[in-house]
1. Quick check on region 1-159: take the gyration tensor over C-alpha atoms, sort the square-rooted eigenvalues as a ≥ b ≥ c, and tell me if it's rounded (a/c under 1.5), prolate or oblate.
2. In whole Å, what is the distance between the alpha-carbon centres of region 293-319 and region 144-193?
3. Take every Cα pair under 8 Å in the chain that's 6+ residues apart, average their separations, divide by the length, and report that relative contact order as a whole percent.
4. As a check on your grasp of the helix formula, calculate [θ] at 222 nm for the chain: sum -39500 (n - 2.57) over DSSP H runs of n ≥ 4, divide by the residue count, round to the nearest 500.
5. Pull up the cross-link candidates among the lysines for Lys216, meaning alpha carbon to alpha carbon under 19 Å and not fewer than 8 places away within one chain.
6. Which of rounded, prolate, oblate describes region 255-319, given a ≥ b ≥ c as roots of the alpha-carbon gyration tensor eigenvalues and a/c under 1.5 marking rounded, otherwise prolate only if a/b is larger than b/c?
7. Just need the relative contact order of region 91-170 here, percent rounded to a whole number, with Cα pairs under 8 Å and 6+ apart.
8. Using the Cα centre of the chain as the reference point, and only Cβ charges (+1 on K/R, -1 on D/E), how large is the resulting charge dipole? Debye, rounded to the nearest 20.
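Read-outs throughout are calculated quantities, based only on the coordinates presented, and are distinct from any laboratory measurement. The shown structure was predicted, so the numbers you read here are calculated from the model rather than taken from an experiment. Don't worry about glycine lacking a Cβ; one is built from the backbone with ideal geometry, like all the others, and counts go over all protein chains shown.
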Amino acid sequence: MPLIQSRFDALLRHKAAGLPVPRLTPALASKLLERLDSLRLFAHAYPQLMKLTYGTYRPIDLLDFAYRHALDGISIHLLDGEERSLQQMSDDQLRIVSRRAEALGLAIHLEISSTQKADVDRVVEVAYVMGLQNIRVYSRYGGRLSEVLETIESDLHYLAKQAERYDLYIDFEQHEELKSSEIVTLLERINHPRLHVLFDFGNMINAAEQPLTALKTLAAHIRQVHMKGVRVVPEENGVGHYGVLQGSAEDDLPNARMLFELLMLGENGPQVIAFILEQENHYIAPAFRHVDEDEDPIIPYREMSQTSLPEGFTLEQMMAEEERWAINQIIYVRGLLQEFRLLAELVLQREGESASPCQDLP
């Protein structure tokens, strides 16, 4: 047992030094195995963004990718694929995509980069036609923080009404500009059972927060997760981040600890319904909140997330690399999950051996 606990400690303390690690008791090991058995891994469209934007990649190709790699579903933005996107499809075309997902045994979760009524109405319409339930949103307002929060609160009231009317679940992503406590305050004011949080592994950094602190603050509300690798980039009065391969030497995130904490959420069953693989290699995100900001800072307006062509890459090279990077993330995350499984199984195996009755020697 000491060796098993030592390995568990090392796993959870990677990039999270100084935090206490729970004892991997038989009870915790059993719960961990139950959560691993029920975990749902999703492909995300963002790792294929260049092919979707400049190539010929389609939402149905992302479904095929997820199926080939034995994933449980996809999460895709309404606009991904340009003229081939879900946004541009007729109802009949949308139904073809949903039938393809059903035939492959895959779920589809939708995403938009807005909380505004017109955008919400369109994604709700698409979800209704396709028979889908789960939508990710985030806000993109500029102005004084107090004004931004007031506008978002109004939007969330409308989202709650649409979610209830159309049997939907809406997950608000913390997306670089809001602090976790501000998001919790908004959700608790609305207090609607169909509004929750999508937790992103790195977006809190740009709001001057630490990953595990943000996770703890948002824990009760987290329903979906975006997983990715991030290099922390200090700025003059804040912190930005640069997308890197998850689990690489450049990745500054406590991946194993966050994954474990998220797996453990929920008393009577898993709280997180989808762990979404959002490899964002070469994505650049500047600081949005600053250490010297006043009590009601100005929040800059932000465009939708995009990854620019990195220096030294041609568009053809980027499109060729995307799938390899996405597969790299699948391998890394499954490696972490397998380590958790092995340690939990060893604990239960040792418990079984110690509980076996002693047999008399002949």
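1. oblate
2. Measuring centre to centre over Cα atoms gives 24 Å.
3. Working: 642 pairs, mean separation 74.1, N = 362.
Over the chain, the number comes to 20 percent.
4. Numbers: 11 runs with 161 residues, N = 362.
Mean residue ellipticity at 222 nm (helix-derived): -14500 deg cm²/dmol.
5. Lys15, Lys179, Lys228
6. Since a/c reaches 1.5 but b/c is at least a/b, the shape of region 255-319 is classed as oblate.
7. 32
8. 980
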